[in-house]
Structures are given as C-alpha cells and as structure tokens.
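Notes to accompany the following structure.
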Amino acid sequence: MTQQATTATADHDPGVVVGEDGLARPAWAAVDPLLRDYYDTEWGMPVTDERGVYERVSLEGFQAGLSWATILRKRPAFREAFDDFDPDVIAAYTDADVERLMADAGIVRNRRKIQAAVTNARATLRLREEMGLAELVWSFQPETTPRPRTFAEIPTKSAESLALSKELRRRGFAFVGPTTMYALMEAIGIIDTHLLDSHRRGSSGIWTT
C-alpha cells in the first residue's frame, strides 16, 4: 500500500481504501495500478456484444485457480494468441493450434482450459441460430443486485449463476461453473457487487443504487 492510500475507518468499511485521489475502492483495487485502472474503467461495466462476452467467458475460465491479476497482466498476450477472441476464427482451431498455444509462454498453458476456449467458440457459433451468447447470458440477470458493505458480504455464486452454468453446460460449454459464472456476471455488469462505499457503486447504469 502506498503512503497516500490509507485504509478507511469510522464510517467506511475496513476493506475500502481511500486513495490519494480521494476515491474509495476495495482493497484489491487500491494499490496495483493495473487493477486500479481495470476497476475504475472496466469492471462491472455492461458488455453486451458476442465477442466481448465470449472473451470474458474465456478469461474467467482461464482464471480458475489463479488470481485475476495474473490473467489481467497476460490479457494482451491472450488476445494476440487467440486472434483477439474472434469466435469464428477460434472455432476453426485444430490440434496444431492447441499445440501452438501450449508452447506460448505469454498465456496460461493449461490444455483443458485451451481446449475449453475452442469448445466454447464452437458453442457460441451454434447459439447464433437462436438468441446468441450475449443475449443468453444477459437473460439470467436477476431482479435485484447485492448491496454489500463489506467484502465478506459479496456472494461467490447465486441461483442465477447456477442456472446460467447449467444452461451453458447443456449447450456444450466448458469451464463455466457457477462461481466462474458469478464472476462473469460481476465483470460484465449483470449484477453490481461494488461495495456501497465505493466510488464505482452504480456506475454501470444498470443498477443505480
């Protein structure tokens, strides 16, 4: 933690940190400049296009068992290695492409996760015959969103993330467990789990309180 960033006290949650700019953020987004920028500009903002949702499904799958900071630092390499997460291109990947990716030190070299990204690209293309990936994922938006004051109050899964996980698996997707899908729902604005004291609470425009 920098000298300018101090843990808030009194009327603020202990997990919220007020930075030198006077803005309150959760502790995980308060120190590392990369995480702070991601939190301030991207996390929780609506993503409604197919490629954007597919990319985030893929990255959340790669994140399983790892820190998000690791994935975020590798995201430029992921985008280069996976053809900017174009599902049309990735759906046509062959075994040779899987081996190419397994040799790429810039990404997470996990064969099952790489194969899942290919599997999910093909499933994404099939979904175009109906509602499409983005519309399907957003159809699981709940009627209310959490209102956490502390980090401990933020759920890790929900009835909606469980239902979304089951539906995606039914449609041939992999690495889409309920906890992973809850993280996806947080990341793309389907729910708002910003702490109530955070300067980003309600910033998505989907949830105003």
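Here, each number is a calculation from the coordinates, and none is a lab measurement. Everything numeric here is computed off the predicted structure, so don't read it as measured data. So basically every Cβ, Gly included, is an ideal-geometry build from the backbone, and we count neighbours across all protein chains shown.
Region 150-209 and region 12-56 have Cα centres spaced 14 Å apart. Two numbers describe the Cα atoms of the chain: Rg and Dmax, which are 17.8, 58 Å. Taking trypsin sites (Lys or Arg not before Pro) in DSSP loop states with no more than 15 other Cβ atoms inside 10 Å as exposed sites, the chain has its longest site-free stretch at 1-108. Counting 0.36 nm for each residue step from R109 to D83 and taking away their Cα separation leaves a gain of 7.7 nm. For the chain, the longest principal axis of the alpha carbon atoms and the long axis of helix 68-81 meet at an angle near 40°. Divide the volume of the convex hull around the Cα atoms of region 117-172 by the residue count and you get 92 Å³ per residue. Along its first, second and third principal axes, ordered by size, region 38-93 spans 34, 24, 18 Å in Cα coordinates. Mind checking the angle between helix 178-187 and the chain's longest principal axis? C-alpha axes, 0 to 90 degrees, to the nearest 10. Between the helix axis and the principal axis of the chain, the angle is about 60 degrees.
If you wrap the Cα atoms of region 75-114 in a convex hull and average its projected area over all directions, you get 2.5 nm². Exposed loop sites were defined as GluC sites (Glu not before Pro) in DSSP loop states (anything but H, G, I, E or B) carrying at most 14 other C-beta atoms within 10 Å; in the chain the longest segment without such a site runs 43-128.
Helix 50-63 and the longest principal axis of the Cα set of the chain meet at an angle near 80°. As a ratio to 2.2 N^0.38 Å, the alpha-carbon radius of gyration for region 91-209 is 1.24. With 0.36 nm allotted per residue and the present C-alpha distance subtracted, the A92-D37 stretch has 16.4 nm of extension available.
When the alpha carbon gyration tensor of region 68-151 is reduced to an equivalent ellipsoid, the three semi-axes, largest first, read 27, 21, 10 Å. Site pair E143 and R51 shows an inter-label distance of 3.8 nm when each label is modelled 7 Å from Cα along Cα→Cβ.
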